[in-house]
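None of the figures in this text is laboratory data; all of them are computed from the coordinates on show. Keep in mind the model is a prediction, meaning the values are calculated, not measured. Note that we place each Cβ from the backbone using ideal geometry, even for glycine, and neighbour counts take in every protein chain shown.
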Amino acid sequence: MATDVYTSGEPNRPESYGEANRDIIRVLLKPSVAYLALLAMSVATMLYGGWCWYQQIRWGMGVAHITHPTMWGVYIVTFVFWVGIGHAGTLISAILFLVRSRWRTGVYRASEAMTVFAVMTALLFPVLHLGRVWQNYWFFPYPNQRQLWMNFKSPLMWDVFAISTYFTVSAIFFYVGCVPDIAIFRDHSKGLVKRVYGLLSLGWRGTHRQWHHYMAAYGFFAALAAPLVLSVHSVVSWDFAMANTAGWHSTIFPPYFVAGAILSGCAMVISLLMPMTYAFGWQKYVNTWHFESLAKMCILTSAILTYAYSMEYFVGWYSQNPYEQAIFFWRADPSADYGWAFYLMVFCNCVAPAVWYFPAMRRNPWVLFIVAAIINVGMWMERFNIIVSSLAHNFDPATWWYYWPSWVEWGILAGSAGWFCTWFLLFCKTLPAVAITEIKEMIPPPVKGSLEGK
Amino acid sequence: MSATAVAAAPPVRIKAIYEHLDCLLTGIDRLKKAGIEGWTVMAPLPRHEIEEIIYEGRPSPVRWWTLTGGITGLTIGLLLTSLTAAQWPMILPGGKPVVALVPYAVVMFECTILGGALFTTLGAIVHCGLPGFFLDAAIQDPRVTDASFGIVFTHAPESDRQRITEILTGAGAVEVTTGDDTIYEVPNHA
């Protein structure tokens, strides 16, 4: 990562609309060896995860170490992790669109794609966790003949609605945003590729009528997606907070989870966009200005998380509830089963992001990349810490035990990362990973005289 | 040529390409002042100047689709939860209601957002005229998705051809073509 191209401040814009087209379309040309190697690694990891899942289907849930009392293990931890990753995309694409934030333009398309693929990954886990995958349709609300009616008072049912709505709205928002850019790809390609892009662009022509209604619809999509940023992870947090399990039953969970989700999502955007920017030579479109803005989002949400971690302990102590006190003190005991998980979480989510308080540190690409990776690890550990420690150390001491994931669970976790990376890598080479039309909106329009009075 | 023969002449396509936004706006303005209708503007990006001169502040009807979708979603969310519970009227301890609106608010909220988004998509498809595969071939020009602007007439009266061409050229069009010459393919960049 050369630092000479790593300038701060708003990046230099392309000089013309045509230049913006050519810069982004260039990425679609023949893939490099490094790209193909990364794709092969991702596919191989995904296939390994699939093979581990096959083992679970063939031999039963016994190959995973989830058992009483830790009935929720790596699968639910990873489910919450991927849902959280998806948050930053909608935050950047919807909320920052509504507040007209300028730094959003360069990074929002890749962030939206990340959201869609992260939620696709998260959606695998309830099915994986179910064991009997052929009965996964039981998740959905339908009046059936077995008298098994859905209980809409259950937070798990709310979660089905929240995640499926989030995925649908995010996917629509992502695709609608891509349509005019896919039309550009169509007009710059030939043969079968042109036909495929032609179909995907829905025959977009860029007429005044299309732009008028499209922009209105896009604004409404942003307004509809914005409350989902706050609601989805709040609903996920209620999966825990509505239970009376010590360490879960807390009213601070919704804001605590939302802040954590935005922290992990912004860190993941840095992790994905940093190598992409250098590999594709997009410093003209994404530079320190964007990464620094993302780092500032991380600092804010890390501070909120640090406060939430402290408040959990304060509330545990102040409540004088012996079970609450016991679980929180046990979590923080370095010699206890999961003491290492607690301190790793605190280091990754509270201590490591603090280096970004120094401007030089949040402008250094290596520091940005490494700290973002640390946050990603920390956010997975946070969910592990919350879910596993509370279940493994529940009310009845006779049931306490030490949960450690089996090789099948680790394999499926790795496979989910492979699945996510495969989708993201395919997206980079087939769809506009930088929003061409919105980049054009930031370029002064070509004029012969003046736009005064027009 | 008799008046009947002129009226029977088939309509023609006319396309003007502009490289500058101010010239395009001048062209639109002059067409409006001349009372000529039936034109379509093509642009590589949404520009508020174009929207203002054409729509003069009139909002898109897509908003009504969003509102209808939101209300429909909310209603479905309310009915799905309440009627499901009413079909299974368990006697709950502590006097808790069978139809409990507070927990159902979550499902109702999600259905409202989902309904709003789906109806907005439908509204955008209807009003944008998508899929646009069957639009006149002249209303597609690779130069427009690249960097230029355009004004297209797909059915201009033959009698107005001269007048329209003069207006479009006078506004600063870099190219004005008529008939089948309006269908254009640029060399491939890929």
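Going out from 0 in 10 Å bins, what whole percent of all Cα-Cα distances in the range A:410-454 drops into each bin?
With a bin width of 10 Å, the distribution comes to 20, 25, 20, 15, 11, 7, 2.
Taking each residue in A:20-26, count the Cβ atoms of any other chain within 10 Å of its Cβ, then average. What number comes out? Before the final figure, lay out the partial values.
Details: counts 4, 5, 2, 0, 0, 2, 2.
Averaged over the peptide's residues, the number is 2.
Restricting to DSSP H runs of at least four residues, report the calculated mean residue ellipticity at 222 nm for chain B, -39500 (n - 2.57) per run over all residues, nearest 500 deg cm²/dmol.
-16000 deg cm²/dmol
With axes computed from alpha carbons, what is the tilt in degrees of helix B:101-128 against the longest principal axis of chain B, rounded to the nearest 10 within 0 to 90?
10 degrees
Does the protein assembly as shown come out rounded, prolate or oblate by the C-alpha gyration tensor, with a ≥ b ≥ c the root eigenvalues, rounded set by a/c under 1.5 and, if not, prolate when a/b is larger than b/c and oblate if not? Present the calculation step by step, with values, prior to reporting the outcome.
Details: a/c = 2.36, a/b = 1.79, b/c = 1.32.
Since a/c reaches 1.5 and a/b is larger than b/c, the shape of the protein assembly as shown is classed as prolate.
As a footprinting exposure proxy, order A:309, A:137, B:18 by other Cβ within 10 Å, with the fewest listed first.
Going from least to most buried by this count: A:137, A:309, B:18.
For a quick check: sort A:399, A:430 by the number of other beta carbons within 10 angstrom, fewest at the front.
The order, fewest Cβ neighbours first, is A:399, A:430.
Report, in order of residue number, the helices in chain A meeting two criteria: a C-alpha extent of 30 Å or more along the helix axis, and a mean Kyte-Doolittle hydropathy of at least -0.5; treat each whole DSSP H run as one helix.
In chain A, the long hydrophobic H runs are A:33-59, A:104-130, A:155-187, A:208-241, A:253-280, A:288-318, A:365-392, A:407-430.
Give, to the nearest whole percent, the P(r) tail of chain B beyond 26 angstrom, counting all Cα pairs. Don't skip to the answer; put the middle values down first.
Values: 9584 of 17955 pairs.
Percentage above 26 Å: 53.
Just to confirm a number: summing +1 for Lys and Arg and -1 for Asp and Glu over residues other than residue A:165 whose beta-carbon lies under 15 angstrom from that of residue A:165, what do you get?
-2
Given the DSSP H assignment, sum -39500 (n - 2.57) over each helix run of at least 4 residues in chain A and divide by its residue total; what's the result at 222 nm in deg cm²/dmol, nearest 500?
My calculation for chain A gives -22000 deg cm²/dmol from helical runs alone.
Give me the distance between the Cα centres of the range B:16-88 and the range A:342-397, rounded to whole Å.
45 Å
Just to confirm my numbers, what's the Cα centroid distance between the range A:402-451 and the range A:66-124 in Å?
Distance between centres, Cα-based: 12 Å.
For peptide B:153-164, what's the mean number of Cβ atoms from other chains within 10 Å of each residue's Cβ?
Taking all residues of B:153-164 together, the mean is 0.
In what order do A:278, A:338 fall by count of nearby beta-carbon atoms within 10 Å, going from fewest to most?
In increasing order of surrounding Cβ atoms, one gets A:278, A:338.
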